[in-house]
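Comments concern the structure below.
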Amino acid sequence: EVLRSKPAARKGNFSADQLQQQAKFSLMIKFLRPLSPLLNQAYGATAVQMTGINKAFAYNIMNAVTGAYPAFNINYPKIQLGQGNLTEAESLAGSSAAAGKLSINWADNSGSGSAQAADMAFIAIYCEDLNRWFYKQNAAVRSDGVAALDFPAFSGKKVQTYLGFVSAKGKQVSTSLFAGEVSVL
């Protein structure tokens, strides 16, 4: 058993650099926290001595935060929700052809590199206006080339879309890709 004394109270104010880092940290953790189960799976293979969400946080805070303190923003195309060696999607595009409906299409590249027809797609959609995420693991298989989803809550809103793949056995993950900003009808 270990017994420690209570740490001394902080003296003085935070430095400008500390305040900047705290603001970035707060922004990114609030943004990624709803995706914890997805991130733990999608970063699990590359996270060494840390959780998947911690690995995702570390990557995204370094690469996807823009702006100057105190007005930091998320650079949505640079967000990465999965990281691994499984072959990525090709010809990725998001679209909305009907009210509350969203489709993400990709070219079936099964057999190219490590891509297999049975790889499972994971999809994540973020609506900034509602500050709300939706994600779906096992949304479709690679050979389908499309995942169609119903989002009545996002109707009339712009959303950011992401897609990645997990191998059928769950041991390999692709690096996720930004499928674009889509205006949901």
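The values are calculated or read from the model by the stated rules, or taken from the named source; none is laboratory data. Computed from a predicted model, the values in this text were never measured in an experiment. We place every Cβ from the backbone using ideal geometry, glycine too, and count neighbours over all the protein chains shown. We work out accessible area using only protein heavy atoms, side chains counted, and drop any ligands, DNA or RNA first. Shrake-Rupley method; radii C 1.70, N 1.55, O 1.52, S 1.80 Å.
Residues in region 145-170 that are small (G, A, S), assigned to a strand (DSSP E or B) and modelled with pLDDT of 95 or more: A147, G164.
Filter region 62-90 down to the residues that are hydroxyl-bearing (S, T, Y) and open to solvent by less than 60 Å² (accessible area, probe 1.4 Å), then identify the one that is nearest to S36 (Cα to Cα). Filtering region 62-90 for residues that are hydroxyl-bearing (S, T, Y) and open to solvent by less than 60 Å² (accessible area, probe 1.4 Å), the one nearest to S36 (Cα to Cα) comes out as Y76. Confirm whether Q172 is under 18 Å from the mean Cα position of the chain (by Cα) and either more than 14 Å from L38 (Cα to Cα) or surrounded by fewer than 19 Cβ atoms within 10 Å (Cβ to Cβ) (or both). The answer is yes for Q172. Of the residues making up region 154-180, those that are hydroxyl-bearing (S, T, Y) and either under 14 Å from G52 (Cβ atoms) or in contact (Cβ under 8 Å) with a residue 60 or more places away in the chain (or both) are T161, Y162, S167, S174, T175, S176.
How many residues does region 80-96 hold that are part of a strand (DSSP E or B) and either in contact (Cβ under 8 Å) with a residue 24 or more places away in the chain or closer than 16 Å to S167 by Cβ (or both)?
Matching residues across region 80-96 total 5.
All of K30, K24, K11 fail the test of being open to solvent by less than 60 Å² (accessible area, probe 1.4 Å) and of a type in the set (D, E, K, R), apart from K24. The set of residues in region 130-148 being farther than 18 Å from L35 by Cα and either in contact with a Leu (Cβ under 8 Å, 6 or more places away or on another chain) or in contact (Cβ under 8 Å) with a residue 24 or more places away in the chain (or both) consists of V141, R142, S143, D144, G145, V146, A147, A148.
Considering region 97-111, and only residues there that are open to solvent by 40 Å² or more (accessible area, probe 1.4 Å) and not in a loop (DSSP other than H, G, I, E, B), the residue that is nearest to S143 (Cα to Cα) turns out to be N105. Out of Y69, Y135, Y76, one residue alone is more than 30 Å from S15 (Cα to Cα) and either of a type in the set (S, T, Y) or touching a Pro at 6+ places or on another chain (Cβ under 6 Å) (or both). It is Y135. Within region 33-61, the set of residues being in a loop (DSSP other than H, G, I, E, B) and either touching a Phe, Trp or Tyr at 6+ places or on another chain (Cβ under 8 Å) or surrounded by 14 or more Cβ atoms within 10 Å (Cβ to Cβ) (or both) comprises Y43, G44, A45, T46, A47, T51. Residues in region 153-164 include at least one that is within 16 Å of the chain's Cα centre (by Cα) and either open to solvent by 50 Å² or more (accessible area, probe 1.4 Å) or of a type in the set (A, V, I, L, M, F, W, C) (or both). Note on region 119-144: among residues that are under 16 Å from G84 (Cβ atoms) and modelled with pLDDT of 95 or more, the one that is surrounded by the fewest Cβ atoms within 10 Å (Cβ to Cβ) is M120.
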